[in-house]
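Computed from the coordinates by the stated procedures, all read-outs in this text should not be read as laboratory data. Small disclaimer: the values here were computed from a predicted structure and weren't measured.
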Amino acid sequence: PATAALALAARRKLAPEDAVLVAAPGTPWPEELDPGWIRDRAAVDDQATAYLCRGTTCSLPVHTPEALAELA
């Protein structure tokens with residue numbers, strides 16, 4: 001549920017050119033989706049975690065839809 005809430009917040013608030021990575025606890029990135037710069041972006045503190053990325057620069061991790069919306 002927390003991962004889905006972060007994904008929904010991303011779709012509602014972010015610009016089309018933004019990328020949002022939503023990491024679920026214990027779930028690695030699929031190899032085909034790992035261009036290298038996302039490799040270190042993982043779930044933090046065993047919580048669903050989101051990163052707002054513009055280009056190859058990403059925000060610090062956030063854990064709530066509200067915090068993600070504040071980044072937009």
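Quick notes on this one:
- Across the chain, the fraction of Cα-Cα pairs farther apart than 19 Å, rounded to a whole number, is 26%.
- With contributions of -39500 (n - 2.57) from each DSSP H run of at least four residues, the per-residue ellipticity at 222 nm computed over the chain stands at -7500 deg cm²/dmol.
- Phi-derived couplings, Karplus 6.51 cos²θ - 1.76 cosθ + 1.60 at θ = phi - 60°, listed residue by residue for the range 44-52: 10, 6, 6, 10, 4, 9, 10, 10, 8 Hz, with x used for Gly and Pro.
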